[in-house]
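Written out below as structure tokens is the structure these notes cover.
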Amino acid sequence: MRKLHAHTNNVLVTRRTAITGLAASAGLVGSSLLTGCGAPQNQKPDSAVQDDVQSARDKLAWWQDTIVYEAYPKSFLDTVGQGTGTIAGVTSKLDYLASLGVGAIWLTPVYKSPMKDNGYDVSDYYQIDPSFGTMADMEQLIAEAGGRNIRIVMDLVMNHTSNENEWFIESSSSKDNPKADWYIWRDAKEDGSAPNNWRSLFGGSAWTWNDNRQQYYLHTFGDFQPDLNWECTEMREELFRMARFWLKKGLGGFRIDAVTYIKKPADFSDGEPDAADGLVSIHTATANTKGILDLLREFKTKVMDGSDAFTVAEAGGVNANELGDWVGKNGVFDMLIQFSHLDALEGDAYSQFEPGNGKLTDFKGAITASQEATAADGWYCIYFENHDQPRSVNHILPRAKDKPAGAKMLGTLLMTLRGTPFLYEGEELGYANIAWDSIDDYDDVTTYTLYAEALEAGKTEEEALAFAQFYSRDNARTPMQWDASKNAGFTTGKPWLPVHDDYETCNVDVQEQDPESVLPWYLSLRQLREDLPVLEVGDYHELMADSEEVFAYERCYGADKAVILANFTESQVTFDKKLVEGMELATSTHESSVAGTLQPLEAVVYRTA
């Protein structure tokens, strides 16, 4: 799914997920998660402690002991002057990504596609879209990345295809063709209207009429993205064959898109309307329908078993008491992508078409709930940005003026929470949102939906534009800024989206030369993770849970401990020095850090002395 929310007809549809993954290695978790990381009795000598924690790290799966970098290929680097990025562009920057400690690169879809939803409308799963290059380019990327101990992760879109996919063209041709049941078709009601009142996540009815079949087809997203019918055995087998085709090329894993929508209820009756349009969100009607796990276990058995590749699934609405079925020893995935911590940022403001006003305690609480839910049997996918989200310095710190300081602080959290950090293209440079002057300047289809709904709710054009600007997915999709040359070194042609106005001062080349900038800070965090194994294998326990100013927690494994504190305000704050008593400062985003005090937007990491 390509957006955090489906905000249709004044109804906020959030998709909150608990996040977890494959079982952590035996012995990596303990009671200290709930009781705090107090020093255990009979402490071992420092050398023995380090041996123990390093031994625990050695037991991690490769994807638990690395950093995942999400590249949006269309905006990463254009090597042919066409204005859109290429696979060869990713290959050419592998050394840069390796310097960040990246061990896996998640590519958003590069399959053949009409690109009405930037690749999430697949017309042929077995071909690379010519705009990105060729299959030979993809194979070269996999090979050259492998030579640097980097694995390639592909985005697997299995809920729907493009309406230009040959599967759909055949399915829509008649009611008795071999692929007639590969999609979800229903007859009209007696009055000729749609089969039910479900609303798509892109707005409007989730049903579109097809003249050939004289039936409606279902689409969770756009009308150009018909939903696949997972009840059809032949269709499932073809999807599984396709996934195995890519694994055989040497992939390191799949990020699986919108997976909670693949199973539809047997009853396609109307739902209780949730807005004045008389419709109900398809999320409410279909997400996590009973029986979905059976389908996903089949995928795991027939595709993933026997492979060291990992799966991370976008799975909204999975509750904590369901995690044992979704992840861990008996789960169907290795990790889940959650939304609850980002949802918490918004409070009640999003439903009023305004930027978020959520409390820090809600944000922290959501993260802590996920950490605790994955403690005994699971793994956490840590992220603050992706291709669907506003930039984190705006989304999480909307009122902060010092964006670089905020980026360093958030990066410190990203790299020290328990789990695998997912770093998004440009996040390591502290990118901020764009704010183009006109709604017509935007490319993202959902931006127009947000704008229209804000107007419908009575907002002025200026207010509606401000709302759409803040949440637009285009914020995350502007071209990567490599240097201060024309178009930020992204392309010699006309970029498909304008580069950010700050490209001359905020780019890789400039930041590599500036030790105080965001990029060197991320490089130092990469080294910190290597130097402190407790940041990878240690338990998590939240500190100062009631604070609306500071996010604090400790990571501990046996007698080894790290304490992390981050000031979310632009004022100096204090904390109890006893939290770090007997510890030494490992790093700080600010100079002259003093125990018991946090400077504005400062983050610190203390370690066992």
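The values are calculated or read from the model by the stated rules, or taken from the named source; none is laboratory data. The model shown is predicted, which means the values in this text are computed figures rather than measured ones. Note that each Cβ is placed from the backbone with ideal geometry, even for glycine, and that neighbours are counted across all protein chains shown. Side chains included, ligands, DNA and RNA excluded: accessible areas come from the protein's heavy atoms. Shrake-Rupley method; radii C 1.70, N 1.55, O 1.52, S 1.80 Å.
Numbers below:
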{"read-out": "Pair list, Cβ < 8 Å and 6+ apart or interchain, from the range 443-461 residues that are within 29 Å of P479 (Cβ to Cβ) to residues that are of a type in the set (F, W, Y) and part of a helix (DSSP H, G or I)", "value": "T447/Y471; L450/F467; L450/Y471; Y451/F467; A454/F467"}
{"read-out": "Leading residue by the ranking (surrounded by the most Cβ atoms within 10 Å (Cβ to Cβ)) among those in the range 244-260 that are under 18 Å from Y120 (Cα atoms) and not hydroxyl-bearing (S, T, Y)", "value": "V259"}
{"read-out": "Hey, Q140 in a strand (DSSP E or B), more than 23 Å from the chain's Cα centre (by Cα) and either surrounded by fewer than 20 Cβ atoms within 10 Å (Cβ to Cβ) or not polar (S, T, N, Q) (or both) or not", "value": "no"}
{"read-out": "Given (1) open to solvent by less than 20 Å² (accessible area, probe 1.4 Å); (2) more than 24 Å from I67 (Cα to Cα); (3) among the hydrophobic types (A, V, I, L, M, F, W, C), number of the condition A275 does not satisfy", "value": "(1)"}
{"read-out": "Filter result (more than 30 Å from D51 (Cβ to Cβ), touching a residue at least 60 places away in the same chain (Cβ under 8 Å) and surrounded by fewer than 24 Cβ atoms within 10 Å (Cβ to Cβ)) within the range 569-589", "value": "E570"}
{"read-out": "Where a residue in the range 197-217 is touching a residue at least 40 places away in the same chain (Cβ under 8 Å) and assigned to a loop (DSSP other than H, G, I, E, B) and its partner, wherever it lies, is open to solvent by less than 30 Å² (accessible area, probe 1.4 Å) and among the acidic types (D, E), with Cβ under 8 Å and at least six apart", "value": "G203/E453"}
{"read-out": "Tally, over the range 541-580, of residues that are within 24 Å of R57 (Cβ to Cβ) and assigned to a helix (DSSP H, G or I)", "value": "1"}
{"read-out": "Qualifying residues in the range 186-243 (those that are at pLDDT 95 or above, hydrophobic (A, V, I, L, M, F, W, C) and more than 17 Å from S171 (Cβ to Cβ)) - the one surrounded by the most Cβ atoms within 10 Å (Cβ to Cβ)", "value": "A206"}
{"read-out": "Filter result for the condition that a residue is at pLDDT 95 or above, open to solvent by less than 10 Å² (accessible area, probe 1.4 Å) and of a type in the set (D, E), over D155, D181", "value": "D155"}
{"read-out": "Filtered residues of the range 389-417 (kept if of a type in the set (D, E, K, R) and modelled with pLDDT under 95)", "value": "R399"}
{"read-out": "Residues located in the range 64-92, provided they are in contact (Cβ under 8 Å) with a residue 60 or more places away in the chain, open to solvent by 10 Å² or more (accessible area, probe 1.4 Å) and either in a helix (DSSP H, G or I) or not aliphatic (A, V, I, L, M) (or both)", "value": "D65, T66, K74, D78, G81, Q82, T84"}
{"read-out": "Single unsatisfied condition, S123 versus (1) in contact (Cβ under 8 Å) with a residue 60 or more places away in the chain; (2) surrounded by 17 or more Cβ atoms within 10 Å (Cβ to Cβ)", "value": "(1)"}
{"read-out": "Residue list for the range 274-309, filter: in a loop (DSSP other than H, G, I, E, B), in contact (Cβ under 8 Å) with a residue 40 or more places away in the chain and within 24 Å of the chain's Cα centre (by Cα)", "value": "A287, S307, D308, A309"}
{"read-out": "Unique match (being open to solvent by less than 10 Å² (accessible area, probe 1.4 Å) and modelled with pLDDT of 85 or more) among D334, D343, D377, D362", "value": "D343"}
{"read-out": "Set N163, N149: member being assigned to a loop (DSSP other than H, G, I, E, B), open to solvent by 10 Å² or more (accessible area, probe 1.4 Å) and within 22 Å of I256 (Cβ to Cβ)", "value": "N163"}
{"read-out": "Answer from D117, D191, D176, D155 - the residue that is in a loop (DSSP other than H, G, I, E, B) and under 19 Å from I262 (Cβ atoms)", "value": "D117"}
